[in-house]
Amino acid sequence: MKKDTEKKEKGENTKGKIKILKDGPYLVSGSIPVTKETIVTGIDGNPLKWERVGEYPVQETYALCRCGQSKNKPYCDGTHTKIGFDGTETADRRKYVDQAEAIEGPDLIMIDAEELCAKARFCHRAGNTWNLTKKSDDSKSKEIAIEEACDCPSGRLVAWDKNSKKAIEPKFEPSISLTEAPYRKISGPLWVKGNILIESANGTMYEKRNRVTLCRCGKSRNKPFCDGTHFPTGFKDGDPSIE
Ligand code: FES
């Protein structure tokens with residue numbers, strides 16, 4: 001109990017877990033809320049912000065579809081067994097920082113693990129995150145670079161303050177968002193926020209992170225994480241905004 005209190009004080013998640021079932025769904029426990037969020041674009045057509053557009057009734061445990069073909073999305077309906085879904089986990093198990101490279105600017109360091117890209121494309125606005133980082137002695141460029149990194153759902157990009165040597169992370173309560181990109185008419189991954197534990201089908205734990213994206217189209221080559229394959233394959237989960 002004392003450990004839980006210490007973790008809460010440090011802002012760490014103390015309850016809830018996502019268990020990956022072999023060639024099956026994500027089994028979620030701990031009453032983790034599920035919402036739906038869409039990408040809103042700016043006047044230049046690039047992603048500008050996230051907007052929450054819906055939520056699902058809170059349940060203590062539930063199974064979220066991982067193969068992309070349930071008729072009862074976002075929940076599993078057992079279709080994975082009928083289609084012989086191969087959910088083999090192929091992701092790099094090294095820590096995030098060991099997979100990433102650092103782009104150093106005058107006032108900001110951008111850590112970037114490209115393998116984790118979920119193609120949300122927030123990094124494209126205002127001349128792109130990498131260029132903005134290189135101009136981070138300009139306060140507006142620095143501000144936008146930080147915004148873009150914080151909007152990156154997969155945590156591919158993490159901005160670090162160069163002076164304090166600390167990661168700049170958005171504050172998230174534990175939750176899971178179904179993401180949608182209406183401007184591209186596609187559905188995206190599950191956006192897992194707030195340091196939720198993720199357990200592999202083999203019983204080992206993934207590195208706990210403030211934000212990651214889990215594949216829900218079934219086609220990622222970097223399972224369980226999204227690698228952006230939903231983008232060229234045009235995954236649609238049936239949401240009216242992307243029909
Ligand atoms: S949801 Fe992005 S690759 Fe499957």
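For the range 78-152, state which trypsin sites (Lys or Arg not before Pro) are in a DSSP loop and have at most 13 other beta carbons lying within 10 Å of their beta carbon.
Working: sites: Lys82, Arg93, Arg94, Lys95, Lys119, Arg121, Arg125, Lys134, Lys135, Lys140, Lys142; in loops: Arg93, Arg94, Lys95, Lys119, Arg121, Lys135.
The qualifying sites are Arg93, Arg94, Lys95.
Quotient of the Cα radius of gyration of the range 96-168 and 2.2 N^0.38 Å, N being its number of residues: 0.97.
Set the Förster radius R0 to 25 Å, insert the Cβ-Cβ distance between Asp137 and Lys165 as r into 1/(1 + (r/R0)^6), and round the FRET efficiency to 0.05. Using R0 = 25 Å, I get an efficiency of 0.90. Rounded to the nearest 10 degrees, the angle from helix 139-151 to the longest Cα principal axis of the chain is 10 degrees.
Working from label points 7 Å from Cα in the Cα-to-Cβ sense, the Val97 to His124 distance is 3.2 nm. Residues whose amide H lies under 5 Å from that of Asp237, counting only those 5 or more places away or on a different chain, are Ser187; hydrogens are built 1.01 Å from N in the peptide plane. Here the 3J(HN,Hα) profile of the range 130-136, calculated from phi with Karplus coefficients 6.51, -1.76 and 1.60 at θ = phi - 60°, is 5, 5, 4, 4, 5, 10, 6 Hz, Gly and Pro shown as x. 3J(HN,Hα) along the range 207-221: 4, 7, 9, 5, 8, 8, 10, 9, 5, 10, 9, x, 10, 4, 9 Hz, from the Karplus curve 6.51 cos²θ - 1.76 cosθ + 1.60 with θ = phi - 60°, whole Hz, x for Gly and Pro. Summarising the label geometry, the points placed 7 Å from Cα in the beta-carbon direction at Arg221 and Glu115 lie 1.3 nm from one another.
Per residue, how big is the convex hull around the C-alpha atoms of the chain? Give it to me in cubic angstrom, could you? Each step should come with its number before you reach the end.
Numbers: hull volume 31.1 nm³, N = 243.
It is 128 Å³ per residue.
My understanding is that a pair violates if its Cα-Cα distance is over 20 Å; which of Lys73/Lys95; Lys19/Lys193; Lys15/Lys193; Lys22/Lys219; Lys17/Lys119; Lys36/Lys185 do that in this structure? Walk me through the numbers before you get to the answer.
Working: Lys73/Lys95 31 Å; Lys19/Lys193 15 Å; Lys15/Lys193 13 Å; Lys22/Lys219 15 Å; Lys17/Lys119 25 Å; Lys36/Lys185 15 Å.
Table pairs above 20 Å Cα-Cα are Lys73/Lys95; Lys17/Lys119.
For Lys49, the residues 5 or more places off, or on other chains, whose built amide H falls under 5 Å of its own are Val40. Once backbone amide H atoms are built at 1.01 Å from N, Arg66 has Tyr26 as its partners under 5 Å, excluding neighbours fewer than 5 places away on the same chain. Shape of the range 29-103 from its Cα gyration tensor (a ≥ b ≥ c, root eigenvalues): rounded if a/c is under 1.5, otherwise prolate when a/b > b/c, or oblate? Oblate shape, in that a/c is at least 1.5 and b/c is the bigger or equal ratio.
Every number here is computed from the coordinates shown, using simple stated rules; none is lab data. Keep in mind that this is a model prediction, so the values were computed, not measured. Glycine also receives a Cβ, built like all others from the backbone with ideal geometry; neighbour counts cover every protein chain displayed.
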